[in-house]
1. Taking only the stretch 172-228 into account, find how many residues are aromatic (F, W, Y) and within 23 Å of the chain's Cα centre (by Cα).
2. So Q246 passes all but one of these: (1) within 30 Å of R88 (Cα to Cα); (2) touching a Phe, Trp or Tyr at 6+ places or on another chain (Cβ under 8 Å); (3) more than 16 Å from the ligand (Cβ to nearest atom). Which condition number does it fail?
3. Looking at E222, E215, which is the one that is closer than 26 Å to L23 by Cβ, surrounded by fewer than 12 Cβ atoms within 10 Å (Cβ to Cβ) and more than 16 Å from the ligand (Cβ to nearest atom)?
4. When you scan the stretch 1-101 for strands (runs of 3 or more DSSP E) that lie fully inside it, which ones turn up with 3 or more residues that are within 16 Å of the ligand (Cβ to nearest atom)?
5. In the list E71, E141, which residue meets the criterion of being among the acidic types (D, E) and within 18 Å of A50 (Cα to Cα)?
6. For the stretch 249-265, enumerate the residues that are within 13 Å of the ligand (Cβ to nearest atom) and in contact with a helix residue (DSSP H, G or I) (Cβ under 9 Å, 6 or more places away or on another chain).
7. Look at A235 and say whether it is in a helix (DSSP H, G or I), within 16 Å of the ligand (Cβ to nearest atom), loosely packed, with under 13 Cβ neighbours inside 10 Å and of a type outside the set (D, E).
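Just so you know, all these numbers are worked out from the coordinates, no wet-lab data involved. Since this is a predicted model, take the numbers as computed values, not measurements. Ideal geometry is used to build each Cβ from the backbone, glycine not excepted, and the neighbour counts take in all protein chains shown.
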Amino acid sequence: MKSDCLQRFIFDNAPIRGEWVSLQESWQEVLNRRQYPTAIRRVLGEMMGAAALLTATVKISGRLVLQIRSEGPVSLMMVECTSENTLRAFAQWDGEVSDEAGLVDLTGGGTLAITIEAEGAKQPYQGVVSLQGNSITETLETYFEQSEQLATKIWLYANEHNVAGLFLQQLPSEEAQKEQAEEDWSRVSQLAATITDEELLTLEIETLLHRLFHEEQVRLYEPAPLKFACTCSRARVAETIGMLGQAEAEEIIDSEGSIEVACEFCNEHYHFDRVDVTELFTNTVSTEGDPDTLH
Ligand SMILES: [Zn+2]
């Protein structure tokens, strides 16, 4: 079974595009770093599949971030997918969570923010949608309906081993073709709706497409491999400490003995002692004093 890849496909006989994603190793990399309650793991896996599907729809260099903020047991859930085909994800939560908890139980009805940061763009794009219908799928379908006015259908499934997802979207069509396009969409989306979680999780994309759409003309593109990767670094942590200011950083050293920072995404620990902190601010001051770096 092909895994950790995304495959796009189009219908030659209908203005519809599709994508399929399957994650295994990259998902295990996330699960190895933190033990999640079952219900949170399910939503986090679905978000990871969704991030990969959505990143493939925006043709940019950069990154796409899905983020849930809520007042519920899950305070923060974040998934990032980059145009380099890397993924990372984590969730923060408080207290006990039952295995059957749905999205609304986990979040108390919070929001999902979709941020797209294109390299070189002055401002990132951000869309915010309230969490609807107790699933990531329904929330995203509503988002597409509101923001792009393109009919979209998404299927996501995650368990402790794998994540799988399927995406269908109607493409814009000329006024004269609108009626035919609606018929096409209705037919294809109904065929797709017969998919089971089991099929989504276990079938190769070729088999799946044949099973669902054998009377349609579907063209499958080459798979794009996906992998887990984190962009944190000691230099980035040093930058953050620099922003605290020397007085505050030294205060932490005085009371704690050192500054400890752990990356939420990959759980890498960074340690800064008094010598590191002194050096950090000495370097910052000398850089700021350099006229070449002022502008
Ligand atoms: Zn990291």
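1. Result for the stretch 172-228: 2.
2. So Q246 meets the others, but not (1).
3. From the options E222, E215, the qualifying one is E222.
4. Counting at least 3 such residues, we get 74-82, 86-93.
5. Only one candidate passes the filter, namely E141.
6. V261, C263, F265
7. Here the answer is yes, as A235 does meet what is asked.
Residue-wise test of (1) in contact (Cβ under 8 Å) with a residue 12 or more places away in the chain; (2) farther than 24 Å from S83 by Cα.
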{"site": "E141", "(1), (2)": "yes, no"}
{"site": "G165", "(1), (2)": "yes, no"}
{"site": "L171", "(1), (2)": "yes, no"}
{"site": "K178", "(1), (2)": "no, yes"}
{"site": "H210", "(1), (2)": "no, yes"}
{"site": "Q217", "(1), (2)": "yes, yes"}
{"site": "L220", "(1), (2)": "yes, no"}
